[in-house]
Each structure stands twice: as structure tokens, then as C-alpha cells.
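One structure is given below, encoded as C-alpha cells.
The values are calculated or read from the model by the stated rules, or taken from the named source; none is laboratory data. The structure presented is a predicted model; accordingly, all values stated were derived computationally and were not measured. Glycine gets a Cβ as well: all are built from the backbone with ideal geometry, and neighbour counts include every protein chain shown.
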Amino acid sequence: MKDVVLTMSSRRAWLAHCTALVATALVGGPAAAAAAQAVRILVVGDSLSAEYGLERGSGWVSLLEKRLAQERIAATVINASISGDTTSGGRSRLAALLAQHRPTHVILELGGNDALRGLPLDMTQANLTQMAKAAKAAGARVLIVGMQVPPNYGRKYSDDFAALFAIVARQEGAALVPFMLKGVADGPQAESMFQPDRIHPRAQAHPTILANIWPVLATTLR
């Protein structure tokens, strides 16, 4: 009989403990848990991500926000892209962005302007590497968006430039989109997909850009 009484008492204590936990959760637990689990995607890019020459809301980053909503993925997207930015510029401002936004995911879309300016490839690779390291150290998953340059830059430079994104991704354990403009710059109607400057894609190209990025990003969100 004594054993039964102790068992009943233990059960009452356990139920009381559970009730207290539920009450605590109703007050602050869910909010804290949601804050801890909320997805925050920081995009650090150049004009290709900053909607250069486009109507606001038509670029691939804006389309990403809509896709996340369609997939019912609760996420905040912070677009910290600046037209004309290089990997050096991105590297110099990344620490402040990480501290301010505390992202769970960082998308690095930089390097194209490095090539346009003829900057040394080893510098571009070093900058991307340090950015990936900093993002990982801040607890974020990293996705690197690769770029390619036209063959008039020279075969070796073009090949080495395209390869450096994969090298950084492999070394830093980051996800990789090999070529951001796949299906845009190398498609059958490439000329019609670009603005008159022949550098920046028109709005109709950005769904294709997102289609290149989304499958890779989605794997990091699981």
C-alpha cells in the first residue's frame, strides 16, 4: 500500500511539473523557440541581386521571398546587395551585417565585378573564403553563387574564374550554385534576356535565376 501511495504521489508531482512547464511555455517558451528557429537569409551580392535597372520587386531576391511564402517556409530575407560591389567590398561589410541581422543562412553572390575590373583571381578567392569562414563562425549556412565571364577574357582566365567558386565551396563546406546565369547568358535567346548594357538581366530572366538558386538553397533549409 505504501508503494502505491508513493507512486500516486510521484504521478501527482510529475503532473504538476508538466503543468508548470506548459504555463511557462505559454508565457515565453514558444516565442523564444520561434526566435531560435526562425530562418533569416542574408543575401550579400552586387547589382545582379540589387535589382539594378528593374522595377522593385521583380528581381530574384524578391521572387525568393514569394517562393518561401508559397512553400510555407517562415523566413526573413535581408537583401544587403549593392550595385558595383566587389568581393573586397562585401568582405569589409560582412562582419557588421552578421552582427546586425544574425542570419541562419548567407548567400554570397559576388565576384562578377572583380572580373570586370580584372582583379587578381587569388584575391577574389581569398575574399570569398574569408566571407564563408566568417558566416560559418557566426552560425550560418553558406551558399556561394558562381559566375562566369565571356570567352573574350581569355580561356585560362575564364576557366580559372569559374573554378574558384567551386574551390571555395568545397574547402569551406558551402553549398554551390555553379553558374547564376545558366539558361540566361547561355540560352538560345540570350541577347533578349539582357538590358541594353548587355550585363544586367531583364526582369523576365530573374525567374530563371531563382530556378538556378532555389533547389540548392532549399536543401540547406531542411
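Quick look at the numbers
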{"item": "Of all residues making up the stretch 159-197, the number that are over 20 Å from the mean Cα position of the chain (by Cα) and either under 25 Å from G139 (Cα atoms) or not assigned by TED's automatic domain parsing to the domain that holds T124 (or both)", "result": "0"}
{"item": "Pairs where the first residue, in the stretch 191-204, is of a type in the set (V, I, T) and the second is modelled with pLDDT of 95 or more, C-beta under 7 Å, 6+ apart", "result": "none"}
{"item": "The stretch 50-61 - residue that is over 13 Å from the mean Cα position of the chain (by Cα) and free of Cβ contacts under 8 Å to residues at least 40 places away in the same chain and, of those, farthest from L143 (Cα to Cα)", "result": "R56"}
{"item": "Any chance A132 is aliphatic (A, V, I, L, M), farther than 18 Å from K182 by Cα, in contact with a strand residue (DSSP E or B) (Cβ under 7 Å, 6 or more places away or on another chain) and crowded, with 16+ Cβ neighbours inside 10 Å", "result": "yes"}
{"item": "Enumeration of residues in the stretch 69-124 that are surrounded by fewer than 20 Cβ atoms within 10 Å (Cβ to Cβ), among the acidic types (D, E) and part of a helix (DSSP H, G or I)", "result": "D122"}
{"item": "Hits in the stretch 27-63 - residues which are modelled with pLDDT of 95 or more and assigned to a helix (DSSP H, G or I)", "result": "W60, V61, S62, L63"}
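Okay, residues lined up against (1) part of a helix (DSSP H, G or I); (2) of a type outside the set (D, E); (3) on the phi < 0 side of the Ramachandran plot; (4) out of contact with any Phe, Trp or Tyr (no Cβ under 8 Å at 6 or more places or on another chain):
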| residue | (1), (2), (3), (4) |
| --- | --- |
| S158 | yes, yes, yes, yes |
| A162 | yes, yes, yes, no |
| V168 | yes, yes, yes, yes |
| M180 | no, yes, yes, yes |
| G183 | no, yes, no, yes |
| Q189 | no, yes, yes, yes |
| R198 | no, yes, no, yes |
| A205 | yes, yes, yes, no |
| I213 | yes, yes, yes, no |
